[in-house]
Amino acid sequence: MSQIDLFRNVIARHALADGTFECALPGVKLIRYSAPTMPMPVIYEPTVCFVAQGCKRASLGTSVFHYDPASYLVASVGLPVVGTVVEATSEHPYLCLQLDLNSPELAELALKQPRQGGGAVPAGLTLNEMTSGLLDAVIRLVTLLDTPDDLEALGPLAVREVFYRLLSGPSGDVIYAITQSDSRHGQIARTILWIRAHFKEVFRIDDIAKIAGMSRSTFHDHFKAITAMSPLEFRNQLRMQEARRLMVSDGLDAASAGYQVGYDSPSQFSRDYSRIFGAAPAKDTSRFRLATK
């Protein structure tokens with residue numbers, strides 16, 4: 001049995017229905033979908049996604065990433081991404097393992113593998129080529145689900161090996177950047193957390209540049225390098241995701257949802273919503289409800 005066959009079979013055994021599931025391995029989620037999905041706006045927290053079967057598309061601003069078993073996706077900061085499973089059937093479902101990168105173990109390991117600073121700020125979402133050594137480590141991690149008695153003793157070691165392979169592989173720079181709070185990447189990550197907590201409010205770019213400890217122009221350049229959008233575009237993405245949730249889950253109309261997320265003008269809200277989601281609020285939310293029934 002090949003590496004990828006083993007990886008696929010283990011996930012299929014432990015993710016028996018469609019959806020995203022916590023499992024007995026801390027920081028690990030298993031994902032399964034038996035058909036393509038409509039575009040779903042979500043926040044990608046610092047995480048890495050390993051696909052065992054199928055293909056998914058992630059859109060961040062104007063950047064589009066397709067990832068499959070030959071690659072893995074790293075999100076180094078909390079980003080508003082539109083995700084779509086594009087290859088999946090009932091016979092060959094989309095199968096994926098997602099690993100949390102907000103980990104003290106990763107930070108500890110990074111201290112032992114320091115990197116030369118001063119290079120370009122790594123993007124917040126990156127696609128990387130899967131390596132044989134990394135896939136071996138991921139398989140050793142997920143196959144622990146077959147032997148629950150080994151999880152407590154071997155789980156932390158298996159996670160640590162995956163982190164080591166990530167740090168020493170093609171994604172090393174961006175993985176290392178996650179652990180450096182005083183780096184340019186870390187400074188932008190702080191402002192992202194602030195915007196996510198205050199996205200309904202009006203704010204000035206100068207104010208959040210101060211949070212990052214940068215000049216306005218430097219902040220704008222680094223923010224766009226990491227998020228693929230401006231700070232105001234980032235805020236609008238967050239507003240639209242929350243507005244969509246309010247309309248779908250809480251039954252609010254477009255004008256009320258727009259007001260709740262910080263819009264004074266219903267027409268401006270509708271224009272921004274249509275630009276981001278490709279349809280007017282009422283049409284999009286109706287389509288979304290049908291797709292998720």
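The values are calculated or read from the model by the stated rules, or taken from the named source; none is laboratory data. Everything numeric in this text was worked out from a predicted model, so none of it was measured. Methodologically, a virtual Cβ is constructed for each residue, glycine included, from the backbone with ideal geometry; neighbour enumeration extends over all protein chains shown. The area values use the complete protein model at the heavy-atom level, side chains included, leaving out ligands, DNA and RNA. Shrake-Rupley method; radii C 1.70, N 1.55, O 1.52, S 1.80 Å.
Among the GluC sites (Glu not before Pro) found in segment 1-101, those both in a DSSP coil and sparsely packed, with 13 or fewer other Cβ atoms within 10 Å of their Cβ, are GLU91. Taking amide H positions as modeled 1.01 Å from N, with prolines and chain starts lacking one, the residues under 5 Å from CYS96 and 5 or more places away or on another chain are ILE31, ALA52.
Could you compute the net charge surrounding LYS29? Neighbours are other residues with a C-beta less than 13 Å from the C-beta of LYS29; K and R count +1, D and E count -1. Local net charge: -2.
Per residue, the convex hull spanned by the Cα atoms of segment 176-293 measures out at 120 cubic angstrom.
Where does each of LYS56, LYS29 land when they are ordered by accessible area, with a 1.4 Å probe and the largest first? Mind dumping the intermediate values first?
On the way: LYS56 35, LYS29 65 Å².
These residues rank, largest area first, as LYS29, LYS56.
For the chain, modelled as a GNM whose springs connect Cα atoms under 10 angstrom apart, the maximal fluctuation among GLY251, GLY172, GLY61 occurs at GLY251. For the chain, with a Gaussian network of springs between Cα atoms less than 10 Å apart, report the residue from SER168, SER230, SER265 with the top mean-square fluctuation. Its mean-square fluctuation being the largest, the pick is SER265. The lysine pair tally for the chain, using Cα distances under 26 Å and a gap of 8 or more places or different chains, is 10. What does the charge count near ASP250 come to, summing +1 for each Lys or Arg and -1 for each Asp or Glu among other residues with Cβ under 14 Å from its Cβ? Charge balance near ASP250 sits at +1.
Roughly how big is segment 237-293's charge dipole about its Cα centre, with Cβ charges of +1 (Lys, Arg) and -1 (Asp, Glu), in debye to the nearest 20?
Working: 9 positive and 6 negative charges, 60 e Å.
I would put it at about 300 debye.
Trypsin sites (Lys or Arg not before Pro) within segment 204-287: which are DSSP loop residues with at most 14 other Cβ atoms inside 10 Å? Don't jump to the answer; show the numbers that get you there.
Working: sites: ARG204, LYS210, ARG216, LYS224, ARG235, ARG239, ARG244, ARG245, ARG271, ARG275, LYS283, ARG287; in loops: ARG204.
Qualifying residues, ordered by number: ARG204.
Look at the dipole of the chain built from charges on Cβ: of TYR263, ASN128, PRO69, the Cα furthest out on the positive end belongs to TYR263.
Please give the charge dipole size of segment 151-293, origin at the Cα centre, charges +1 on K and R Cβ atoms and -1 on D and E Cβ atoms. Round to the nearest 20 debye.
Numbers: 20 positive and 15 negative charges, 67 e Å.
The dipole of segment 151-293 has a size of about 320 debye.
Computed over neighbours whose Cβ is under 10 Å from that of ARG204, the net charge equals 0, Lys and Arg +1, Asp and Glu -1. Ranked from largest to smallest solvent-accessible area, with a 1.4 Å probe on the protein heavy atoms, ASP264, ASP250, ASP136 come out as ASP264, ASP250, ASP136. Looking at segment 127-222, which GluC sites (Glu not before Pro) are in a loop (DSSP not H, G, I, E or B) and have at most 11 other Cβ atoms within 10 Å? Sites meeting the loop and neighbour criteria: GLU201.
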